[in-house]
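The block underneath contains the structure these notes are about, expressed in structure tokens.
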Amino acid sequence: MGRSNTRVILLIIAAALILVLISLGQYSSSSAGISCVREGYLVFNKIITSPFTFIADLWKDYIYLVDTKRDNEELKKSNDALRVQSMNLEELRSENERLRLMLDFKAAHTEFSLYPASLLAQDITLVFKTAVIDKGSRSGFFVNMPIVNPDGVVGRVVAVSSHTSQILMITDPNSAIPALIASTRVKGIVKGTGGESLRLEYVRRTDDVKIGDFVVTSGLLGIFPKGLRIGYVKDIQVDERKIFADILLAPCVDMEKIEGIFGIGQDVATTD
Amino acid sequence: MWRLQISLFGILFAIVLMEATIIPSIWAPLRVDFFIGMIIGQIIYIPFSQGFPFVILSSLILQAFSGARLGLIPLLYILTFLAIEFLKNLVYLENTFTQLVMGIGFYLALMVVTAIFTDISLFEGKAASLIIGALLSGCVSPAMVYTVRRLQIAYE
């Protein structure tokens with residue numbers, strides 16, 4: 001009994017000494033004992049914790065990824081929705097811009113009775129340049145009504161029904177508008193070519209025409225009010241053997257991007 | 001018979017929507033002709049007594065969406081119908097490749113004839129849209145033939 005008590009006391013003293021030794025060297029990087037304990041603890045820790053780490057990693061990398069995948073899909077959907085929303089906002093912005101331009105145009109031309117309309121359909125052939133709009137006789141549209149947009153002349157109405165009208169664009173080969181060059185008042189006839197450009201005909205080669213000159217409606221024939229912009233001169237060919245110059249115009253209106261248009265009412269002075 | 005004809009006219013209005021509104025809104029100078037494929041389908045699968053009146057009525061409807069002189073569009077499509085009816089005896093029309101080639105060929109022929117009638121230069125700034133339009137018309141022709149065939153089988 002006394003012997004065993006002595007052994008216990010010696011063991012406690014030894015343990016206390018070890019603890020003292022350990023605590024004395026705990027800030028010493030060169031302490032081999034401390035290092036061994038740490039290294040041993042590391043191995044022990046790894047052995048004990050590795051199965052749990054394995055399970056945890058498995059959970060994080062595979063099982064938990066199911067949620068991540070779902071989150072990813074939801075984020076993708078959300079991203080797609082935001083992109084669509086962004087496109088819609090962009091469309092609304094451009095529509096707003098277009099409507100603002102139309103309102104500005106209407107405010108700037110109080111002398112005209114303007115009837116707004118939108119494009120419904122375009123010509124089914126590549127050759128002709130006509131379009132159908134969503135307003136007809138019930139909205140005040142009539143045959144030969146001038147059609148414009150804020151940039152200039154678009155064309156005129158050639159057929160009308162209760163709720164739709166067919167318009168002949170100025171680029172159609174059947175279109176002819178009396179016109180004059182704004183700066184020099186030289187008169188001519190603007191005809192469509194069926195392509196992107198217009199032709200100014202019956203202008204003598206000796207007349208004063210320069211590239212960049214604006215061409216406007218002259219008001220003759222009484223269909224178009226005078227002073228509406230049609231296009232500007234982009235090419236002049238003069239042949240000494242011909243009486244008239246070959247003049248090509250670029251239309252002021254981008255015919256490929258027409259959306260909103262106006263019909264000009266009858267109560268307008270059109271004569272030159 | 002009536003159900004088939006009503007369905008065909010329903011498809012015709014879908015064609016107008018595509019040709020006159022949707023495709024020009026994507027690229028303004030582009031025109032794709034879906035009707036040529038329908039004509040080929042009519043010739044192969046529908047009796048002449050039903051197909052010919054359908055083409056006449058349809059082309060009159062299509063005339064409403066063109067600035068061409070009144071009667072020009074029906075004339076061109078009736079001539080197309082008669083030409084394909086004649087070719088039926090010479091070419092095996094049920095072949096997809098043949099339908100594709102005929103779609104391209106007749107699209108170009110219709111545009112050239114229209115340009116000649118109206119004295120317009122067809123290639124001034126339009127060459128790219130003309131070629132793409134012809135290729136797309138060729139591609140949709142077999143699909144339209146298939147649509148007519150499916151309708152004919154469904155209502156037979």
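The values are calculated or read from the model by the stated rules, or taken from the named source; none is laboratory data. Everything numeric in this text was worked out from a predicted model, so none of it was measured. A quick note on method: Cβ atoms are made from the backbone with ideal geometry, for glycine too, and the neighbour counts reach across all protein chains shown. The protein model used for the area step is the full one, side chains on, heavy atoms only, and it has no ligands, DNA or RNA in it. Shrake-Rupley method; radii C 1.70, N 1.55, O 1.52, S 1.80 Å.
Remarks
- Pairs with Cβ under 7 Å, 6+ apart, first in region A:72-98 and within 21 Å of A:E259 (Cα to Cα), second modelled with pLDDT of 80 or more and surrounded by 10 or more Cβ atoms within 10 Å (Cβ to Cβ): A:R98/A:G260
- Residue match in region B:50-63 (condition: facing chain A (nearest Cβ under 10 Å), open to solvent by 10 Å² or more (accessible area, probe 1.4 Å), over 24 Å from B:V101 (Cα atoms) and without any contact (Cβ under 8 Å) to a residue 60 or more places away in the chain): yes
- Qualifying residues in region A:110-137 (those that are away from chain B (no Cβ under 11 Å) and over 19 Å from A:E259 (Cβ atoms)) - the one surrounded by the most Cβ atoms within 10 Å (Cβ to Cβ): A:F112
- Qualifying residue in region B:144-152 (condition: assigned to a helix (DSSP H, G or I) and out of contact with any helix residue (DSSP H, G or I) (no Cβ under 9 Å at 6 or more places or on another chain)): yes
- A:D254 vs. criteria open to solvent by 10 Å² or more (accessible area, probe 1.4 Å), away from chain B (no Cβ under 14 Å), among the acidic types (D, E) and under 30 Å from the mean Cα position of the chain (by Cα): no
- Those residues of region B:69-78 which are of a type in the set (A, V, I, L, M, F, W, C) and open to solvent by 10 Å² or more (accessible area, probe 1.4 Å), in sequence order: B:L70, B:L72, B:L75, B:L76, B:I78
- Some residue of region B:131-151 being within 14 Å of chain A (Cβ to nearest Cβ) and aromatic (F, W, Y): no
So that you can scan it fast, the table gives a plain yes or no per residue for (1) within 14 Å of another protein chain (Cβ to nearest Cβ); (2) open to solvent by 40 Å² or more (accessible area, probe 1.4 Å):
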{"site": "A:S197", "(1), (2)": "yes, no"}
{"site": "A:V203", "(1), (2)": "no, no"}
{"site": "A:V215", "(1), (2)": "no, no"}
{"site": "A:R229", "(1), (2)": "no, yes"}
{"site": "A:Y232", "(1), (2)": "no, yes"}
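- The residues in region A:142-152 that are open to solvent by less than 10 Å² (accessible area, probe 1.4 Å) and either more than 25 Å from the chain's Cα centre (by Cα) or of a type in the set (F, W, Y) (or both) can be counted, and the count is 3.
- Flag if A:V209 is of a type in the set (A, V, I, L, M, F, W, C), outside any strand (DSSP E or B) and closer than 24 Å to A:L99 by Cα: no
- Among the residues of region B:104-124, those that are in a loop (DSSP other than H, G, I, E, B), within 15 Å of A:F128 (Cβ to Cβ) and open to solvent by 40 Å² or more (accessible area, probe 1.4 Å) comprise B:D119, B:S121, B:E124.
- Taken together, A:G194, A:G231 contain a single residue that is part of a loop (DSSP other than H, G, I, E, B) and among the small types (G, A, S), which is A:G194.
- Residues in region A:78-127 that are touching a strand residue (DSSP E or B) at 6+ places or on another chain (Cβ under 8 Å) and modelled with pLDDT of 80 or more: A:S113, A:L114, A:Y115, A:P116, A:A117, A:S118, A:L119, A:L120, A:A121, A:Q122, A:D123.
Rundown of residues vs (1) touching a residue at least 24 places away in the same chain (Cβ under 8 Å); (2) more than 24 Å from A:L220 (Cα to Cα), yes/no style:
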{"position": "A:D104", "(1), (2)": "yes, yes"}
{"position": "A:L126", "(1), (2)": "no, yes"}
{"position": "A:D134", "(1), (2)": "yes, yes"}
{"position": "A:P146", "(1), (2)": "yes, no"}
{"position": "A:N149", "(1), (2)": "yes, no"}
{"position": "A:R156", "(1), (2)": "yes, no"}
{"position": "A:A159", "(1), (2)": "no, no"}
{"position": "A:V186", "(1), (2)": "no, no"}
{"position": "A:S197", "(1), (2)": "yes, no"}
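- Test result for B:W2, within 11 Å of another protein chain (Cβ to nearest Cβ), open to solvent by 60 Å² or more (accessible area, probe 1.4 Å) and of a type in the set (A, V, I, L, M, F, W, C): no
- Residues in region B:79-103 that are open to solvent by less than 40 Å² (accessible area, probe 1.4 Å), modelled with pLDDT of 90 or more and more than 14 Å from every other protein chain (Cβ to nearest Cβ): B:F81, B:A83, B:I84, B:T98, B:Q99, B:M102, B:G103.
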